[in-house]
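Structure first, commentary second.
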Amino acid sequence: VTHPPAPAGVDVSQETLDVAARDHRGTDRTAQFANTATGHRQLIRWLTKGGQSARVVLEATGVYSLDVALALHAAHRIEVMVVNPRAARQFAQACLQRSSTDATMAVALREYAARMEFVPWVPPPQSVRHLRAIARRIVTLTEERAREQSRAHAAAASAATPAVVVNDIAVNVRHLQRRLAELQRHALALIQTDPALCQAYHHLISVRGIAAASAIQLLGELLVLPGDM
């Protein structure tokens, strides 16, 4: 017997996925998984247990929701919809859910999947996902460079620091600067090969105060969001 997809809602946070689902018998169930690659695989197995198909709704957060949305989209027997958080909260309020805890938001998203028009999510283009990965790597290395620069200042101010240590820190700072420049070069080359990215980039840098580095970071996070956001 083929059953219709079971409605499910996933409330996404930085560390966890709170899930509420209803199976083909009308039984409601909840679970929580880590917002990691392993947690995403566990969630998919939980949603499709016993050959069940699922229709999943989650909110667009960009920072935390993209990876789980991609995993769900690629999974067999799962459809995924990514909704604007404002629309999801307005729906929850209409359902008289006054609490905004993770569990009740997951339930509201499940009911959204069950009652509202389902619009399948279309993942952002690969070029956008690659730009996001490069931009996040730039952030990581920028933070690492800042820590090394602080160490360099402290080392230079202490007579007890041997010259070999001061030099080693300085070498590492220059190495990090070269890597950051290379990553930015790759990001700009990627932008130039994609007409939509290129147009958005030039819109951004036309704004006073936004140059290449800021534009790369903004594009990497904003363009993974649905168009209505």
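The values are calculated or read from the model by the stated rules, or taken from the named source; none is laboratory data. None of these values were measured; they are calculated from a predicted model. Glycine gets a Cβ as well: all are built from the backbone with ideal geometry, and neighbour counts include every protein chain shown. What goes into the accessible areas is simple: the full protein's heavy atoms, side chains included, and nothing from ligands, DNA or RNA. Shrake-Rupley method; radii C 1.70, N 1.55, O 1.52, S 1.80 Å.
Report yes if Leu109 is closer than 29 Å to Arg174 by Cα and open to solvent by less than 60 Å² (accessible area, probe 1.4 Å), otherwise no.
Considered against the rule, which asks whether it is closer than 29 Å to Arg174 by Cα and open to solvent by less than 60 Å² (accessible area, probe 1.4 Å), Leu109 comes out as no.
How about segment 16-61: which of its residues are of a type outside the set (Val, Ile, Thr), under 21 Å from Val224 (Cα atoms) and surrounded by fewer than 16 Cβ atoms within 10 Å (Cβ to Cβ)?
Ala37
List, please: which pairs have Cβ atoms under 8 Å, are six or more places apart or on different chains, and start with a residue in segment 171-183 that is without any contact (Cβ under 8 Å) to a residue 60 or more places away in the chain and end with one that is among the polar types (S, T, N, Q) and part of a helix (DSSP H, G or I)?
Sorted first by the residue in segment 171-183, then by its partner, the pairs are Val173/Gln149; Leu180/Thr142.
Assess whether Ala133 counts as being surrounded by fewer than 16 Cβ atoms within 10 Å (Cβ to Cβ) and either modelled with pLDDT under 95 or closer than 27 Å to Ala196 by Cβ (or both).
In short, yes.
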